[in-house]
Amino acid sequence: MIYGDKNTGILVQGATGKQGEFHIGLMNAYAQQVGGKGVVAGVTPGKGGQQVHGVPVFNTVKDAMKNHDIGAAVIFVPAGAAADAIMEEANAGITTIVCITEHIPVQDTMKAIAYARMEGASVIGPNCPGLLSPGEVKMGIMPAGLFSRGNVGVISRSGTLTYEVVDELTRAGIGQSTVVGIGGDPVIGQTFVDVLERFEQDSQTKAVVLIGEVGGNLEEEGATSTDLPIVSYIAGISAPPDKRMGHAGAIVEGGEGDARSKIARMKKHGVPVAARVSEIPEMVRELFRCGC
Amino acid sequence: MKLREHEAKNVLKAAGIPVPAGFLIRSADELTPHLEELGSAFVLKAQVDVGGRGKAGGILMADKATGTRVARELFAKQIKGLPVKEVLAEQKLDIRHEYYLSITVDRSSKCPLLLFTEAGGIEIEITAKEHPELIRKVVASPLLRDLPPFMIRELIGTAPKEIGPVINKLFRIFIEKDTILAEINPLVTTPDGVVAADAKIIVDDNALGRQGITVNRDLSLREREAETHGFSYVELDGKIGVIGNGAGLTMATLDLIEFYGGKAANFLDVGGGAESERVMHAVRLVASVPAVKVIVVNLLGGITKCDEVAKGIIAAGISQKVIVRLAGTNEAEGRRLLSEKGYEMLDTMDIVVKKAVEVTA
């Protein structure tokens with residue numbers, strides 16, 4: 001496990017909103033299934049004293065911390081309030097902060113992440129589906145039914161594409177240790193490098209599937225930073241330059257960050273890159289077979 | 001969204017960065033009252049939303065005698081297919097030296113990145129490739145309001161000190177105006193001081209609202225319509241329409257089309273929550289592109305309700321063939337609804353895409 005396990009108490013910021021309420025229900029259904037703590041507290045300013053699915057709601061993160069043992073937070077608040085939520089949690093001493101919210105202005109994100117770093121917190125996202133360690137903990141919105149426990153880590157900039165890959169892996173009998181959606185924005189807290197570092201420390205993880213896309217060069221940075229065996233897939237080989245492909249960060253700019261050059265650099269470093277998602281399970285098996 | 005040159009220069013001017021004296025005109029006749037002030041020689045620059053306008057003939061030199069005629073010539077032009085509706089008439093500068101200055105969002109450090117080079121005026125990508133040692137870089141914390149003087153000294157090196165305040169002012173603009181790129185190229189020295197001869201500012205699409213920008217000009221009409229429904233939409237030049245949920249999965253679907261030798265006509269990410277009405281709008285929008293011969297719908301997600309999606313596809317009632325891959329809840333009901341109306345619902349994205357490519361081949 002990385003970032004948390006069964007014993008991690010989770011706080012949800014934006015607990016009384018439609019998304020917050022819906023996903024507290026799903027996260028706690030998963031916690032019940034695996035015998036974990038799940039979401040123990042919610043925060044919505046002005047709604048302290050209410051309950052959501054039996055989870056007590058507080059006005060501030062510090063209030064929640066006084067009453068509960070909290071190891072991680074998941075944010076569902078609107079874009080305009082998300083940077084504030086990240087900073088409030090970091091300031092209160094929460095060290096793992098998952099930000100699901102999309103469309104946060106990048107200046108806000110940069111500030112919030114810089115501040116969280118100063119407070120010693122790790123931010124996953126924004127604009128991400130969160131993370132799931134099968135059999136242990138779910139922090140975010142990933143559909144738990146597709147996952148199975150095993151020793152392959154997955155890191156991805158995408159949401160549904162991650163589910164597709166996890167579904168393929170599970171069907172092929174390949175379980176996952178932890179699946180992390182790091183987010184589709186240009187500026188994100190935990191990058192491939194950071195998550196790979198955690199996987200290196202994690203005895204359960206033996207290999208990693210790294211799912212990238214057009215924009216930037218964080219995939220190559222990650223792949224060259226670790227000794228863990230990796231299989232990669234890069235989305236966007238058909239993406240035209242200067243067009244934002246759905247994610248704020250998925251854009252080929254100034255002739256940089258296109259899929260072909262990314263794939264070439266990954267391969268040059270000895271990382272096998274799948275041409276299709278459906279090829280990934282067989283390539284992972286191949287990694288284990290050759291023991292490299 | 002990219003600001004036009006005159007808009008970007010207004011932003012600089014308001015922040016106290018000197019720009020050339022200039023006037024925005026909407027016809028050649030509007031130039032007449034400004035001829036005196038512009039001096040003997042000046043520049044006419046077409047304000048079009050397209051890169052590389054200089055090479056495309058969008059920037060012309062003129063003087064008092066030829067001004068109106070040259071302006072007329074420019075207004076009659078199409079620059080890379082775009083009509084010229086506005087022209088910036090600017091004084092010609094007595095340039096001593098050209099510098100390059102920019103601030104961008106650096107994904108690796110998650111901070112503003114400042115670039116400065118004394119070899120300005122040409123494309124920075126070329127300098128970066130051929131003489132990377134000439135570009136000085138400084139990463140600044142996004143928590144700073146002003147740059148500490150040492151950072152400015154590190155950037156400008158032996159260049160004139162008067163450039164320093166320009167750098168700090170641009171840094172303020174970068175943060176306060178929600179830009180993802182603020183670039184002055186060239187920043188020039190003249191006998192009258194430092195001047196921003198050209199400027200490029202790109203505002204974060206996620207901050208247009210709070211910057212008071214109501215229409216994103218970078219988007220086509222169809223892209224704007226998509227935006228009102230909360231879709232991400234990109235136009236391409238093939239025959240296969242693509243609808244997916246999630247940017248990554250939709251991109252992977254496009255790539256798979258290319259893998260099997262086909263070409264996508266567009267990219268539509270319906271985003272989260274695929275209720276029947278959203279799906280209907282998505283299908284109609286994608287089908288409204290004349291080149292689209294077949295539509296691939298690839299939706300996956302634990303909480304996507306397949307019956308809702310099926311109802312949306314049926315309600316769209318379009319003439320083109322729709323091939324569907326759905327995974328989620330109520331799969332059996334979705335399949336039943338679709339097959340009743342003669343639509344194909346297949347199991348994997350490989351099969352769906354292969355089929356669509358066959359149809360258009």
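Taken together, the values in this text are just the output of simple stated rules run on the coordinates, not laboratory data. A quick note: this is a predicted structure, and the numbers were derived from the prediction, not measured. Note: ideal-geometry Cβ built from the backbone for every residue, glycine included; neighbour counts use all protein chains shown.
The Cα-based radius of gyration and maximum Cα-Cα distance (Dmax) for chain A are 18.4, 57 Å. GNM remark for chain A: springs join alpha carbons under 10 Å apart, and the peak mean-square fluctuation among A:Asp227, A:Asp185, A:Asp108 falls on A:Asp227. Going from the fewest other Cβ atoms within 10 Å to the most, the residues A:Glu282, B:Glu118 appear in the order A:Glu282, B:Glu118.
The convex hull of the Cα atoms of segment A:1-114, projected and averaged over all directions, covers 6.7 nm².
Just checking the output field for B:108-115: average partner chain Cβ neighbours within 10 Å of each residue's Cβ? Let's see the in-between values first.
Numbers: counts 7, 3, 12, 5, 2, 0, 0, 0.
Taking all residues of B:108-115 together, the mean is 4.
For peptide A:254-261, compute the average count of partner chain beta-carbon atoms within 10 Å of each residue's beta-carbon. If you can, show how the numbers build up before the last one.
On the way: counts 6, 2, 2, 1, 0, 2, 0, 0.
Average per residue, whole number: 2.
Computed from Cα atoms, the angle from the helix A:79-92 axis to the main principal axis of chain A rounds to 80 degrees. Overall shape of segment B:1-62 was characterised from the C-alpha gyration tensor. The equivalent ellipsoid obtained from it has semi-axes of 19, 17, 11 Å, in decreasing order.
Consider all pairwise Cα distances in segment B:97-210 and report the whole-number % of them above 25 Å. When every Cα pair of segment B:97-210 is considered, 17 percent fall beyond 25 Å.
Summing +1 for each Lys or Arg and -1 for each Asp or Glu, what net charge is found among the other residues whose Cβ lies under 13 Å from the Cβ of B:His97? Before the final figure, lay out each step's value.
On the way: positive: B:Arg96; negative: B:Asp94, B:Glu98, B:Glu118, B:Glu162.
Once all neighbours under 13 Å are counted, the net charge is -3.
Considering only Cα-Cα distances, which of the following residue pairs are longer than 31 Å: A:Lys138/B:Lys321; B:Lys161/B:Lys200; A:Lys66/B:Lys177; A:Lys243/B:Lys55? With Cα atoms farther than 31 Å apart: A:Lys138/B:Lys321; A:Lys66/B:Lys177. Can you give me the C-alpha center-to-center distance between segment A:31-79 and segment B:89-167, rounded to a whole angstrom? With segment A:31-79 and segment B:89-167 each reduced to a Cα centre, they are spaced 45 Å. The Cα center of segment B:197-243 and the Cα center of segment A:186-228 differ in position by 30 Å.
Between the helical axis of A:18-34 and the dominant principal axis of chain A, each derived from Cα atoms, what acute angle in degrees is found, rounded to the nearest 10? Result, in degrees: 80.
Sorting the segments B:89-95, A:216-222, B:294-300 by their mean number of nearby beta carbons within 10 angstrom, highest to lowest, gives B:294-300, A:216-222, B:89-95. How big is the antiparallel share of DSSP beta bridges in the protein assembly as shown, given as a percent to the nearest 5? Restricted to the protein assembly as shown, the bridges split so that about 55 percent are antiparallel. Calculate how steeply helix B:306-316 sits against the longest principal axis of the alpha-carbon atoms of chain B, using the helix alpha-carbon long axis, and give the answer as 0 to 90 degrees to the nearest 10. Around 70 degrees separate the two axes.
What's the ranking of B:52-58, B:17-23, B:193-199, A:149-155 by average number of surrounding C-beta atoms within 10 Å, highest first? Can you show the working numbers first?
Working: B:52-58: 14.9, B:17-23: 18.9, B:193-199: 20.7, A:149-155: 22.3.
Top to bottom by mean Cβ count within 10 Å: A:149-155, B:193-199, B:17-23, B:52-58.
Kindly rank A:73-84, B:255-266, B:337-348 from highest to lowest mean number of other beta carbons found within 10 Å of each residue. Provide the component values of the computation, followed by the final result.
Details: A:73-84: 22.6, B:255-266: 21.0, B:337-348: 15.3.
Going from most to least packed, we get A:73-84, B:255-266, B:337-348.
Dipole size of the protein assembly as shown about its Cα centre, with +1 on Lys/Arg Cβ and -1 on Asp/Glu Cβ: approximately 640 debye, rounded to the nearest 20.
Which value in deg cm²/dmol, rounded to the nearest 500, describes the helix-derived mean residue ellipticity at 222 nm for chain B, given -39,500 (n - 2.57) per DSSP H run of n ≥ 4 and division by the residue count?
On the way: 12 runs with 118 residues, N = 361.
Result for chain B: -9500 deg cm²/dmol, rounded to the nearest 500.
Sorting A:Ile104, B:Ile25 from the fewest to the most surrounding beta carbons within 10 angstrom yields B:Ile25, A:Ile104.
Among B:Ala315, A:Pro134, A:Val123, which residue has its Cα positioned farthest towards the positive end of the charge dipole of the protein assembly as shown, with +1 placed on the Cβ of Lys and Arg, -1 on the Cβ of Asp and Glu, and the dipole taken about the Cα centre? Farthest along the dipole direction, towards plus: B:Ala315.
Against the empirical 2.2 N^0.38 Å scaling, what ratio does the C-alpha Rg of chain B come to?
Numbers: Rg = 25.8 Å, N = 361, 2.2 N^0.38 = 20.6 Å.
In units of the 2.2 N^0.38 Å rule of thumb, it is 1.25.
State to the nearest 20 debye the size of the charge dipole of segment A:175-292 about its Cα centre, where the only charges are +1 on K and R beta carbons and -1 on D and E beta carbons. It would help to have the intermediate numbers written out before the result.
Details: 12 positive and 17 negative charges, 84 e Å.
Computed about the Cα centre, the dipole is about 400 debye.
For the residues of A:150-160, the average number of beta carbons from a partner chain within 10 Å of their own beta carbon is 3. The alpha carbons of the protein assembly as shown give a radius of gyration and a Dmax of 26.5, 85 Å, in that order. Legend: calculated FRET efficiency, A:Thr60 to B:Glu7, from the Cβ-Cβ distance at R0 = 30 Å, rounded to 0.05, equals 0.15. Here segment A:10-124 carries DSSP beta bridges of which approximately 10% are antiparallel, counting only pairs with both residues inside. With neighbour counts taken as other beta-carbon atoms within 10 Å, the residues A:Ile2, B:Ile213 rank, fewest first, as B:Ile213, A:Ile2.
Suppose R0 equals 22 Å; then what is the FRET efficiency for A:Lys268 and A:Asn217 from their Cβ-Cβ distance, rounded to the nearest 0.05? Given R0 = 22 Å and the Cβ-Cβ separation, E is 0.95.
Among DSSP beta bridges whose residues both lie in segment A:142-290, state the antiparallel percentage, nearest 5. Could the numbers behind the result be given before it?
Values: 1 of 18 bridges.
The answer is about 5 percent antiparallel.
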